[in-house]
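Asks: The structure is given below, and queries will be raised subsequently.
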Amino acid sequence: MGNAHDLLVVGAGPAGMAAAWRAAQNGLRVCVVDDNPAAGGQIWRGGPPEAQVWFERIRSVDVKVINGARVFQQLRPGTLLAETTSGVCELSYKSLVLATGARERFLPFPGWTLPNVMGAGGLQALVKTGLPIEGKHVVVAGSGPLLLAVAAYLRGHGANVLLIAEQASSVQLARFAVGLFSKRSQAFDLKRQLSGVPYRSGCWVSEAHGAERLESVTLVHGKKRWQVSCDYLACGFHLVPNVELAELLGCDTEFGHVKVNAFQQTTVANVYSAGETTGIGGLELSLVEGEIAGLAAAGKHDAARELFPVRVRQRKFADLLNRTFALRDELKYLSTPETIVCRCEDVTLERLQQHKSWREAKLQTRCGMGPCQGRVCGGAVEFLFGWRATSVRPPMLPVRISSLIRK
Amino acid sequence: MSDFVTLVINGIAVEMPAGSMVSAAILKTGTYAFRRSVTGEPRGPLCGMGICFECRVTIDGEQHCRSCQTVCRNGMDVRTDG
């Protein structure tokens with residue numbers, strides 16, 4: 001391919017931006033492709049002030065950014081296909097960086113399919129993109145540091161955050177607080193922004209109530225149960241790496257994330273991966289992994305090596321993070337037999353319980369076979385039954401028939 | 001470029017800040033059920049980032065558009081199915 005990019009980066013979040021910047025700085029012709037209408041990924045949606053240094057870096061180098069394009073298939077080795085509103089683009093590359101990020105883990109409980117029960121990051125994304133939240137009553141629940149950031153953001157935009165319910169125990173969290181010393185200023189900022197908002201550890205939502213939309217939630221804390229009226233429930237259980245594209249390309253995964261070597265290279269030649277895709281670790285780890293991947297793709301291995309100590313420090317923090325927010329077993333037993341687990345195909349818990357593997361459940365119930373292709377229920381069935389998706393097939397996402405017909 | 005755009009949601013004109021997503025505009029009109037599930041349940045946005053497909057609606061006649069990944073444009077015609 002004569003017009004192949006030296007480096008194609010899939011995902012314009014922090015890891016992808018860092019990889020693109022480093023590679024372009026070192027002379028590669030770089031293209032970044034992203035599903036979202038603007039660069040920044042989920043964390044930098046809307047281009048917050050703290051991200052400006054990175055947006056400026058991308059502008060300072062010659063990088064082609066294609067937004068609103070979702071990669072759905074590999075045409076042949078070295079060429080991916082992406083769908084846009086106006087058609088399909090062919091993206092050819094010599095090297096590839098997969099920086100496809102992560103999504104929230106959702107767990108089923110009675111009422112979780114009601115309108116206005118959303119992911120924590122999900123509600124934040126909506127507010128960032130124009131949803132008025134002023135005066136609305138919001139319960140933030142689930143697990144992970146994202147809950148605090150979301151609660152602070154919503155409150156800053158006028159929401160009445162009634163409670164933050166974190167499922168992890170206070171003992172787990174105390175260990176995390178010690179580990180937070182390295183990020184003390186961030187932690188203090190959040191504490192100030194959230195003063196007066198009740199934060200309960202060892203607490204979770206057991207049920208959402210409402211007819212056509214959410215009206216209230218039931219919370220559980222130890223032996224205590226109570227009901228709270230609210231307009232929105234923002235509920236996510238930490239994050240799950242987006243590994244589908246990596247798996248489609250034949251990259252090995254382990255523990256649910258893409259396996260990489262010291263230079264962020266996957267088990268497939270010329271394919272690198274960085275950021276949450278290679279394991280949940282937060283912004284700083286994503287950035288340094290992206291930089292290493294970009295430098296390695298440009299053949300600058302010595303420069304990449306200089307960043308290894310930063311990555312070691314950030315990985316320690318990531319390990320602590322993932323231990324702290326390990327999910328408690330009680331969450332496996334919230335659903336009733338009638339609770340829907342697969343929202344695309346409305347497959348209930350009792351129908352899934354009749355099967356021994358996800359493959360069998362898929363064949364018999366269509367669980368994971370709807371438009372999201374198991375991206376929502378996959379994280380849930382992994383936690384509930386220990387099942388993991390066995391294969392990714394093209395197209396990775398629903399696309400128009402016309403996108404599949406190649407002239 | 002104006003700071004606001006006006007789109008039409010189920011026949012009602014809505015003004016949104018430029019750059020807003022269609023999903024946010026729909027919720028602003030007080031419509032919470034964006035679609036019906038295969039068994040008829042009301043559903044609205046869940047992930048807010050293009051993963052879950054729960055927020056899909058019809059935009060300018062095209063079905064199954066993810067409203068959370070679509071930026072509001074002047075004159076856009078949006079239909080929910082909830």
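The values are calculated or read from the model by the stated rules, or taken from the named source; none is laboratory data. In this text the structure is predicted, and so the values were computed from the model without any measurement. FYI the Cβ positions are ideal-geometry reconstructions off the backbone, even for glycines, and counts take in every protein chain you see.
Asks: Scan the range B:15-44 residue by residue and report those that are farther than 19 Å from A:ASP231 by Cβ, over 10 Å from the mean Cα position of the chain (by Cα) and not polar (S, T, N, Q).
Replies: B:GLU15, B:MET16, B:PRO17, B:ALA18, B:GLY19, B:ARG35, B:ARG36, B:VAL38, B:GLY40, B:GLU41
Asks: Same structure again: Which of the following residues is buried (at least 19 other Cβ atoms within 10 Å of the Cβ), touching a Leu at 6+ places or on another chain (Cβ under 8 Å), closer than 15 Å to B:GLN69 by Cα and of a type in the set (A, V, I, L, M, F, W, C): A:LEU91, A:LEU126?
Replies: None of the other options fit; the residue is A:LEU126.
Asks: Additional query: Looking only at residues that are part of a helix (DSSP H, G or I) and aromatic (Phe, Trp, Tyr) in the range A:266-324, which one is surrounded by the most Cβ atoms within 10 Å (Cβ to Cβ)?
Replies: Among residues in the range A:266-324 that are part of a helix (DSSP H, G or I) and aromatic (Phe, Trp, Tyr), the one surrounded by the most Cβ atoms within 10 Å (Cβ to Cβ) is A:PHE317.
Asks: Quick check on this structure: which one of A:GLU360, A:GLU306 is over 23 Å from A:LEU114 (Cβ atoms), among the acidic types (Asp, Glu), modelled with pLDDT of 90 or more and not assigned by TED's automatic domain parsing to the domain that holds A:LEU285?
Replies: A:GLU360
Asks: Quick check, is B:ARG66 touching a His at 6+ places or on another chain (Cβ under 8 Å) and within 18 Å of A:ASP35 (Cα to Cα)?
Replies: Here the answer is no, as B:ARG66 does not meet what is asked.
Asks: Can I ask one more? Out of B:ARG56, B:ARG43, B:ARG66, B:ARG79, which single residue is in contact with an Asp or Glu (Cβ under 7 Å, 6 or more places away or on another chain) and either within 28 Å of A:ALA120 (Cβ to Cβ) or at pLDDT 95 or above (or both)?
Replies: Matching residue, one of B:ARG56, B:ARG43, B:ARG66, B:ARG79: B:ARG43.
Asks: Something else now. Any idea which residue in the range A:201-255 is farthest from the chain's Cα centre (by Cα), counting only those that are under 21 Å from A:ALA151 (Cβ atoms) and among the small types (Gly, Ala, Ser)?
Replies: If we take residues in the range A:201-255 being under 21 Å from A:ALA151 (Cβ atoms) and among the small types (Gly, Ala, Ser), then A:SER229 is farthest from the chain's Cα centre (by Cα).
Asks: Only one of these conditions is not met by A:HIS137: (1) within 14 Å of chain B (Cβ to nearest Cβ); (2) closer than 30 Å to B:GLY82 by Cα; (3) in contact with a strand residue (DSSP E or B) (Cβ under 8 Å, 6 or more places away or on another chain). Which number is it?
Replies: (1)
Asks: Determine whether the range B:53-76 contains at least one residue that is facing another protein chain (nearest Cβ under 7 Å) and assigned to a loop (DSSP other than H, G, I, E, B).
Replies: yes
Listed here are the residues, each with its yes/no results for (1) under 22 Å from the mean Cα position of the chain (by Cα); (2) among the aliphatic types (A, V, I, L, M).
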| site | (1), (2) |
| --- | --- |
| A:LEU8 | yes, yes |
| A:ALA19 | yes, yes |
| A:GLN25 | no, no |
| A:ALA39 | yes, yes |
| A:GLU50 | yes, no |
| A:THR79 | no, no |
| A:LEU91 | no, yes |
| A:VAL97 | yes, yes |
| A:THR100 | yes, no |
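Asks: Same structure, new question: Of all the residues that make up the range A:138-158, how many are closer than 17 Å to A:VAL205 by Cβ and assigned to a loop (DSSP other than H, G, I, E, B)?
Replies: Qualifying residue count, the range A:138-158: 1.
Asks: Please go through the range A:331-368 and give me each residue that is touching a Leu at 6+ places or on another chain (Cβ under 9 Å), surrounded by fewer than 20 Cβ atoms within 10 Å (Cβ to Cβ) and among the β-branched types (Val, Ile, Thr), ordered by number.
Replies: A:THR336, A:THR339, A:THR365
Asks: If we scan the range B:35-52, do we find a residue that is within 7 Å of another protein chain (Cβ to nearest Cβ), touching a residue at least 24 places away in the same chain (Cβ under 8 Å) and among the hydrophobic types (A, V, I, L, M, F, W, C)?
Replies: No, the range B:35-52 contains no residue that is within 7 Å of another protein chain (Cβ to nearest Cβ), touching a residue at least 24 places away in the same chain (Cβ under 8 Å) and among the hydrophobic types (A, V, I, L, M, F, W, C).
Asks: Filter the range A:238-262 down to the residues that are of a type in the set (Asp, Glu) and either farther than 19 Å from A:CYS372 by Cα or not assigned by TED's automatic domain parsing to the domain that holds A:ARG76 (or both) and list them by number.
Replies: A:ASP252, A:GLU254
Asks: Those residues that are closer than 18 Å to A:GLN167 by Cβ, over 19 Å from the mean Cα position of the chain (by Cα) and more than 14 Å from chain B (Cβ to nearest Cβ), I need them from the range A:302-357; list them, please.
Replies: Within the range A:302-357, A:ARG328, A:ASP329, A:GLU330, A:LEU331, A:LYS332, A:TYR333, A:LEU334, A:SER335 qualify.
Asks: Looking only at the range A:1-24, how many residues end up being touching a residue at least 24 places away in the same chain (Cβ under 8 Å) and either of a type in the set (Ser, Thr, Tyr) or surrounded by fewer than 20 Cβ atoms within 10 Å (Cβ to Cβ) (or both)?
Replies: 4
Asks: For the range A:396-407, what are the residues that are part of a loop (DSSP other than H, G, I, E, B) and out of contact with any helix residue (DSSP H, G or I) (no Cβ under 7 Å at 6 or more places or on another chain)?
Replies: The answer is A:LEU397, A:PRO398, A:VAL399, A:ARG400, A:ILE405, A:ARG406, A:LYS407.
Asks: Out of the residues in the range B:1-22 that are under 27 Å from A:GLY210 (Cα atoms) and in contact with a strand residue (DSSP E or B) (Cβ under 8 Å, 6 or more places away or on another chain), state the one that is farthest from the other protein chains (Cβ to nearest Cβ).
Replies: Across the range B:1-22, the extreme among qualifying residues is B:ASN10.
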